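Trainee: For reference, the structure I am asking about is given below.
The values are calculated or read from the model by the stated rules, or taken from the named source; none is laboratory data. In this text, all values refer to a predicted model and were calculated from it rather than measured experimentally. Every residue, glycine as well, gets a Cβ built from its backbone with ideal geometry; the counts of neighbours run over all protein chains shown.
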Amino acid sequence: MIDFILPLFGRFHPILVHLPIGFLVFGVILIFWSAEKYAIYSPIIKLAFLLGGISAGLASISGFMQFQYEGYGWDTVQLHLILGIFTTFLSFGLWYHLQKSAVSPPRLKIKGALLLAILTLTGHLGGNITHGENYFTEVLPPALQAFLGGEASSNEPLELPADNWEEVEFFTGAIQPILDQNCKSCHNPKKLKGELDLSSFKGIHKGGENGAILENGNARESSLFARLILPEDHDDHMPPKDKRQPRKEEIELIKAWIESGSAEHATLGETSIQLSLVEPFFKKDEKPFYPVVAVPTLAEDSISILRGSGFFAEVVKTDSPFLKISCINFPAFSDSDWSLLASAKEQIVYLDLTGTKITDAILEQVSSLPNLTVLKLNQTFIEGKNLDKLNQSNNLKLLYLNETKVNSGQLKALDKHPRLEKVFAFDTPAADSGTSSQFSFHLETGNLSLPPLPTDTIVY
Amino acid sequence: MQNLDKMLAEFAQQKLEKQTRRHFLMDCVAKVGGLAMAPLMFGCGTGSSELNLSQRDLNPLSPLPPPYGAKAKSIIYLHMAGAPSQLELFDFKPELAKYHNQPCPQSLLEGKKFAFIRGVPKMLGPQANFSQHGESGAWISDYMPHFQKLADEVSFLKAVHTDQFNHGPAQLLMQTGSARLGRPSLGSWVTYGLGTENQNLPGFVVLTSGGKTPDAGKSVWGSGFLPSVYQGVQCRSKGDPVLYLDDPEGMSRNLKKNVIDAINTVNKEEFNAYGDPEILARINQYEMAYRMQIEVPEVMNITDEPESIHQLYGTKPGAESLANNCLLARKLVEKGVRFVQLYDWGWDTHGTDHDGSIDMGLRNKCREMDRPVSALLLDLKQRGLLEDTLVVWGGEFGRTPMQENREGKTQSFLGRDHHGDAFTMWMAGGGIKPGVTYGRTDDFGFSGIEDKVSVHDIHATILHLMGFDHEQFTYEFQGRPFRLTDVEGELINKILA
């Protein structure tokens, strides 16, 4: 009937822990601050340590309940729990100590500082349990992380070598990396959610609180696989709905491993797995189209302002900071409207100014977009006078100049551009002069035709 | 508990739908012209901001980012309605020639059903001359002499298969992913998922040629269970592209604006009373129709194109032709239309008459298609539009290697029956690796024997190129999420760039 009381009390732990922190820090501050006027402040200091002790006691008990009911491993909470209880006793000890003497006890400051240190350590260890051990370090720059000795992230997606994939061990080389990426954050020896450890072959074979998770050779009966393919809304679905979900190909590979007998050391080649199952993991040399740089995401309301100004503005894909801007609904755009785009300088990778009223002068500004990859200037007043400005747009790959006044001499200025792949100059003076393929980029001048054939007029 | 929530949500949806229809009819009963315009009038981006609704509530066609990186932003889908013969165009079968006029082997007929073939038909050798073209060495027949030069621009799928052998269901399957009525078309899915860039034009435009619309009717560009604003807008290839778009005589544009403003004021009051977001969509549809009056006639007018372009496509302004439609497709894509669907009718070559003969009628049909379609690819290429426009070409199925013997009699012309086991399609442009030939058929071109591709695989691949995972792109309807590819579909990785 009241089975829920204790786990419920346990859930109060994250709230209760803040009380002793407040009281005790306050008490210690008063110790240092009251130096000469100890007599005046002593009742408050005493009260702070009494309340600190009581609340630390409650926090310890609720913490213990959470440890009992929420599936934390002893190794994980050990030091945090012991120090928590130690903090409780120390608080009461100090209170009792102050209660007995009317004057300031000797070395009180040292004792206070010691209590503060232990309190801080306890709190930090508790934070590590809920927020993860890399809570602070993960926001640091990578170089600093490495300096601090942070472990290399094991969250890399699985990649297999295309040429000798047969020699990769099925479990250690393919399955464990998938589990590391998708499951390990909860199912590791420290956290042990559901008493399950998926960070090692031993742990997987041991199973969890519901018993074994592998049925020899039968994927559908093995919860290691079956839970992955349950509908996401299902209570037993793993990983939990709000967590990263494994890819379809990863799930297929886990299935294949179980069906191959879930051996620890067999290689992929030995299990005669189908090539199509491993192929999706082959390392691709595919280079991303847009630059690989960290750029802050433009807030949604800033994008709304761009849209309100008349631009088509959209990120290139969900969760990408990069923006695609087009003036398709904004033909009145002219050089003087450039400032409207100022908020998105770093984010713009695709800029379509086709059919607008811009002139050569705008290239100065355009070249200040550091990540610009596609630039369309078709059907504008561009005459190509300062086309060389675009050499500053290091990332530019596609440049559209159809139906403008550029000539091939002006295009020469872009010949040394590091990334420019294609320039389209259909219906321009550059196209008429008939120059082609003398540039580092591919110049498409158009005027393509389909010469008439005798068969064009034969009717059968 | 979850079921209850679902039922409540669906009940609310149904209630809303009923209300909308009533309001719609009440609004339109006195305006037959307005009713005819209804499917053409889409939303726009100028919603009243104080209502705190999402951009999509106000304007269902406002753009959304693709969930994954998109290789293409627009699609031109060329559907040859009636199903062209792959055996005369792309699938070269010299072995079949040796069996010409011989009775079809029993093994091909066992367990098979045909639309018209009965008993034991005779084999029909290829009627075209084939040769290899480009660096890729793709086989293309002399029925398409211009297209032969574009062999390296496209990627062929030689072993496409469908499970339908009648035009209507097969067209529905090809365009909506299901042979039964009621599913949204590919174009509707894409416009629903991405919206459209040009807010003065519809997002999904349909153009037909060949004298008839597809057998399956307008359902092939219908929106199914998606909101009806995502259905294709059929523009006429002759005369006014969109009916009733011109101002009536004596009505100035300012007066029209006043009328629309007045209607919108009433609609806004209606919205304040009922809170139905569909009313907001309606307000925007009026405003969009107003703006479309300018933009549509402009983009649909091909007379301003230079002579060289008319020569390239073989266009004759004013005629209803595939050539004109191909040129329009380029113009629409250039103007930021998301999905342009072309249907060309007249590819059903049964051999029942001259026009339906494999050796004459099909040749004539190919001549009308060869130049415009080749021109479209070239024109997209020279303007750089092929970088992010996907072009798809195909019919709803293929044709038999046997000569049709309708009612057991020999036909007076050479013809082929419907056949879904193996036929050819091609794709080009955004995200497609050019010059690939994927899939192989047996010596008769009867079945695929290597790298077979289903209709769902093609849909999965198209959605992938537009930036979707076809398994995650769903719409909740009747208590379950629906997908274009239902429970099937594999990416055709080998043709992806």
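Trainee: Can you name the strands (runs of 3 or more DSSP E) wholly within segment B:381-458 that have at least 1 residues being within 24 Å of B:Trp345 (Cα to Cα)?
Mentor: On the way: elements: B:389-394, B:398-403, B:416-419, B:423-429, B:448-450.
Per the criteria, B:389-394, B:398-403, B:416-419, B:423-429.
Trainee: Quick check on my filter: what residues within segment B:379-417 are closer than 26 Å to B:Leu342 by Cβ and within 14 Å of chain A (Cβ to nearest Cβ)?
Mentor: Selection gives B:Asp379, B:Leu380, B:Lys381, B:Gln382, B:Arg383, B:Gly384, B:Leu385, B:Leu386, B:Glu387, B:Asp388, B:Thr389.
Each row is one residue, and each column tells you yes or no for (1) closer than 26 Å to B:Ser219 by Cα; (2) of a type in the set (Gly, Ala, Ser).
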{"residue": "B:Pro65", "(1), (2)": "no, no"}
{"residue": "B:Tyr77", "(1), (2)": "yes, no"}
{"residue": "B:Leu87", "(1), (2)": "no, no"}
{"residue": "B:Pro94", "(1), (2)": "no, no"}
{"residue": "B:Ala97", "(1), (2)": "no, yes"}
{"residue": "B:His100", "(1), (2)": "no, no"}
{"residue": "B:Ser107", "(1), (2)": "no, yes"}
{"residue": "B:Pro126", "(1), (2)": "no, no"}
{"residue": "B:Gln132", "(1), (2)": "no, no"}
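Okay, residues lined up against (1) modelled with pLDDT of 90 or more; (2) surrounded by 21 or more Cβ atoms within 10 Å (Cβ to Cβ); (3) on the phi < 0 side of the Ramachandran plot; (4) more than 17 Å from the chain's Cα centre (by Cα):
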position: B:His146; (1), (2), (3), (4): yes, yes, yes, yes
position: B:Leu150; (1), (2), (3), (4): yes, yes, yes, yes
position: B:Gln171; (1), (2), (3), (4): yes, yes, yes, no
position: B:Trp189; (1), (2), (3), (4): yes, yes, yes, no
position: B:Leu207; (1), (2), (3), (4): yes, yes, yes, no
position: B:Val220; (1), (2), (3), (4): yes, yes, yes, no
position: B:Asp247; (1), (2), (3), (4): no, no, yes, yes
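Trainee: Check off (1) buried (at least 16 other Cβ atoms within 10 Å of the Cβ); (2) of a type outside the set (Lys, Arg); (3) within 13 Å of chain A (Cβ to nearest Cβ); (4) within 30 Å of A:Val316 (Cα to Cα) for B:Ser54 and give me the number that stays unchecked.
Mentor: All conditions are met except number (1).
Trainee: Next up: If you check B:Gly346 against the conditions, is it surrounded by fewer than 23 Cβ atoms within 10 Å (Cβ to Cβ) and under 21 Å from the mean Cα position of the chain (by Cα)?
Mentor: Numbers: surrounded by fewer than 23 Cβ atoms within 10 Å (Cβ to Cβ): yes; under 21 Å from the mean Cα position of the chain (by Cα): yes.
Answer is yes for this residue.
Trainee: Here's something else I'd like to know. Restricting attention to segment A:388-404, does a residue exist that is touching a His at 6+ places or on another chain (Cβ under 7 Å) and at the interface with another protein chain (Cβ under 10 Å from one of its Cβ atoms)?
Mentor: No, every residue in segment A:388-404 fails to be touching a His at 6+ places or on another chain (Cβ under 7 Å) and at the interface with another protein chain (Cβ under 10 Å from one of its Cβ atoms).
Trainee: Exactly one condition in (1) more than 14 Å from A:Leu119 (Cβ to Cβ); (2) buried (at least 19 other Cβ atoms within 10 Å of the Cβ); (3) within 42 Å of the chain's Cα centre (by Cα) is not met by A:Ile45; state its number.
Mentor: Unmet for A:Ile45, out of (1) more than 14 Å from A:Leu119 (Cβ to Cβ); (2) buried (at least 19 other Cβ atoms within 10 Å of the Cβ); (3) within 42 Å of the chain's Cα centre (by Cα): (3).
Trainee: Does at least one position in segment A:398-412 carry a residue that is of a type in the set (Ser, Thr, Tyr), within 23 Å of A:Pro331 (Cβ to Cβ) and in the same structural domain as A:Leu341 (by TED's automatic domain parsing)?
Mentor: To start, the set of residues in segment A:398-412 that are of a type in the set (Ser, Thr, Tyr) comprises A:400, A:404, A:408.
The next check asks that each one be within 23 Å of A:Pro331 (Cβ to Cβ); those that pass are A:400, A:404.
This time we only want the ones that are in the same structural domain as A:Leu341 (by TED's automatic domain parsing), so: A:400, A:404.
Yes: segment A:398-412 contains one or more residues that are of a type in the set (Ser, Thr, Tyr), within 23 Å of A:Pro331 (Cβ to Cβ) and in the same structural domain as A:Leu341 (by TED's automatic domain parsing).
Trainee: How many residues does segment B:347-361 hold that are out of contact with any Lys or Arg (no Cβ under 9 Å at 6 or more places or on another chain) and at the interface with chain A (Cβ under 9 Å from one of its Cβ atoms)?
Mentor: Counting residues in segment B:347-361 that are out of contact with any Lys or Arg (no Cβ under 9 Å at 6 or more places or on another chain) and at the interface with chain A (Cβ under 9 Å from one of its Cβ atoms) gives 4.
Trainee: Answer yes or no: is there a residue in segment A:282-300 that is touching a helix residue (DSSP H, G or I) at 6+ places or on another chain (Cβ under 8 Å), closer than 26 Å to A:Gln176 by Cβ and either surrounded by 15 or more Cβ atoms within 10 Å (Cβ to Cβ) or in contact (Cβ under 8 Å) with a residue 24 or more places away in the chain (or both).
Mentor: Of the residues in segment A:282-300, the ones touching a helix residue (DSSP H, G or I) at 6+ places or on another chain (Cβ under 8 Å) are A:282, A:298.
Within this subset, residues satisfying the condition of being closer than 26 Å to A:Gln176 by Cβ are A:282.
From what is left, the residues that are either surrounded by 15 or more Cβ atoms within 10 Å (Cβ to Cβ) or in contact (Cβ under 8 Å) with a residue 24 or more places away in the chain (or both) are A:282.
Yes, because at least one residue in segment A:282-300 is touching a helix residue (DSSP H, G or I) at 6+ places or on another chain (Cβ under 8 Å), closer than 26 Å to A:Gln176 by Cβ and either surrounded by 15 or more Cβ atoms within 10 Å (Cβ to Cβ) or in contact (Cβ under 8 Å) with a residue 24 or more places away in the chain (or both).
Trainee: Only one of A:Asn216, A:Asn210 is more than 29 Å from A:Gly127 (Cβ to Cβ), surrounded by fewer than 16 Cβ atoms within 10 Å (Cβ to Cβ) and modelled with pLDDT under 85. Can you tell me which? Give the steps one after another, and end with the answer.
Mentor: Numbers: A:Asn210 fails: modelled with pLDDT under 85.
Result: A:Asn216 is the single residue among A:Asn216, A:Asn210 that is more than 29 Å from A:Gly127 (Cβ to Cβ), surrounded by fewer than 16 Cβ atoms within 10 Å (Cβ to Cβ) and modelled with pLDDT under 85.
Trainee: In addition: Within segment B:465-482, can you find the residues that are crowded, with 22+ Cβ neighbours inside 10 Å and not in a loop (DSSP other than H, G, I, E, B)?
Mentor: B:Leu465
Trainee: Continuing with the same structure: Give the number of residues within segment A:388-405 that are surrounded by fewer than 24 Cβ atoms within 10 Å (Cβ to Cβ) and not in a loop (DSSP other than H, G, I, E, B).
Mentor: 6
Trainee: Mind checking which residues of segment B:364-377 are surrounded by fewer than 21 Cβ atoms within 10 Å (Cβ to Cβ) and at the interface with chain A (Cβ under 7 Å from one of its Cβ atoms)?
Mentor: First pass over segment B:364-377, keeping only residues surrounded by fewer than 21 Cβ atoms within 10 Å (Cβ to Cβ): B:364, B:368.
Scanning segment B:364-377 gives a single hit, B:Asn364.
Trainee: Could you grab me the full set of residues in segment B:229-286 that are among the small types (Gly, Ala, Ser) and in a loop (DSSP other than H, G, I, E, B)? Show your work before the answer.
Mentor: Initial filter on segment B:229-286 (among the small types (Gly, Ala, Ser)): B:232, B:237, B:239, B:250, B:252, B:262, B:273, B:275, B:281.
The answer is B:Gly232, B:Ser237, B:Gly239, B:Gly250, B:Ser252, B:Gly275.
Trainee: If we scan segment B:437-448, do we find a residue that is acidic (Asp, Glu), touching a residue at least 24 places away in the same chain (Cβ under 8 Å) and over 15 Å from B:Lys158 (Cα atoms)?
Mentor: No, the conditions are met nowhere in segment B:437-448.
Trainee: Continuing with the same structure: Which pairs have Cβ atoms under 7 Å, sit 6 or more apart or on different chains, and link a residue in segment A:76-89 that is closer than 23 Å to A:Glu195 by Cβ to one that is modelled with pLDDT under 95 and not in a helix (DSSP H, G or I)?
Mentor: Between residues of segment A:76-89 that are closer than 23 Å to A:Glu195 by Cβ and residues that are modelled with pLDDT under 95 and not in a helix (DSSP H, G or I), the close pairs are A:Thr76/A:Lys190; A:Thr76/A:Lys191.
Trainee: Among the residues of segment B:308-333, write down those that are part of a loop (DSSP other than H, G, I, E, B) and more than 14 Å from B:Val373 (Cα to Cα).
Mentor: Once the filter is applied, which keeps residues that are part of a loop (DSSP other than H, G, I, E, B) and more than 14 Å from B:Val373 (Cα to Cα), segment B:308-333 yields B:Lys316, B:Pro317, B:Gly318, B:Ala319, B:Glu320.
Trainee: Also, quick follow-up: Could you please let me know if B:Val266 is closer than 30 Å to B:Glu320 by Cβ and not acidic (Asp, Glu)? Walk me through it before giving the result.
Mentor: On the way: closer than 30 Å to B:Glu320 by Cβ: no; not acidic (Asp, Glu): yes.
Here the answer is no, as B:Val266 does not meet what is asked.
Trainee: While we're looking at this one, here's another question. Given the criteria closer than 27 Å to B:Lys409 by Cα and without any contact (Cβ under 8 Å) to a residue 60 or more places away in the chain, does B:Gly111 qualify? Full working, then the answer.
Mentor: On the way: closer than 27 Å to B:Lys409 by Cα: yes; without any contact (Cβ under 8 Å) to a residue 60 or more places away in the chain: yes.
Considered against the rule, which asks whether it is closer than 27 Å to B:Lys409 by Cα and without any contact (Cβ under 8 Å) to a residue 60 or more places away in the chain, B:Gly111 comes out as yes.
Trainee: Still on this structure: Considering only residues of segment A:439-454 that are closer than 20 Å to B:Lys381 by Cβ, more than 10 Å from every other protein chain (Cβ to nearest Cβ) and part of a loop (DSSP other than H, G, I, E, B), which is farthest from the chain's Cα centre (by Cα)?
Mentor: Here the answer is A:Phe439.
Trainee: Looking at segment A:416-427, which of the residues that are of a type in the set (D, E, K, R) and in a loop (DSSP other than H, G, I, E, B) is nearest to the other protein chains (Cβ to nearest Cβ)? Quick ask: steps written out before the conclusion?
Mentor: Looking only at segment A:416-427, we keep the residues that are of a type in the set (D, E, K, R), and these are A:416, A:419, A:421-422, A:427.
Next cut, in a loop (DSSP other than H, G, I, E, B) only: A:416, A:419, A:421, A:427.
Values: A:Lys416: 22, A:Arg419: 15, A:Glu421: 10, A:Asp427: 8 Å.
For segment A:416-427, the residue satisfying everything is A:Asp427.
Trainee: Taking the condition of being in a loop (DSSP other than H, G, I, E, B) and out of contact with any Gly (no Cβ under 6 Å at 6 or more places or on another chain), how many residues in segment A:250-272 meet it?
Mentor: Adding up the residues that qualify gives 11.
Trainee: Would you point out which residue out of A:Ala413, A:Ala430 is in contact with a helix residue (DSSP H, G or I) (Cβ under 9 Å, 6 or more places away or on another chain), surrounded by 22 or more Cβ atoms within 10 Å (Cβ to Cβ), among the small types (Gly, Ala, Ser) and outside any loop (DSSP other than H, G, I, E, B)? Before the answer, list the steps.
Mentor: On the way: A:Ala413 fails: surrounded by 22 or more Cβ atoms within 10 Å (Cβ to Cβ).
Step by step, each of A:Ala413, A:Ala430 is checked, and only A:Ala430 is in contact with a helix residue (DSSP H, G or I) (Cβ under 9 Å, 6 or more places away or on another chain), surrounded by 22 or more Cβ atoms within 10 Å (Cβ to Cβ), among the small types (Gly, Ala, Ser) and outside any loop (DSSP other than H, G, I, E, B).
Trainee: Which residues, counting only those in segment B:272-328, are at pLDDT below 90 and among the β-branched types (Val, Ile, Thr)?
Mentor: Scanning segment B:272-328 gives B:Ile279, B:Ile283, B:Ile294, B:Val296, B:Val299, B:Ile302, B:Thr303.
Trainee: Here are some conditions: (1) surrounded by fewer than 16 Cβ atoms within 10 Å (Cβ to Cβ); (2) touching a helix residue (DSSP H, G or I) at 6+ places or on another chain (Cβ under 9 Å); (3) over 30 Å from B:Val296 (Cα atoms); (4) not hydrophobic (A, V, I, L, M, F, W, C). A:Gly261 meets all but one. Which one does it not meet?
Mentor: A:Gly261 satisfies every listed condition except (2).
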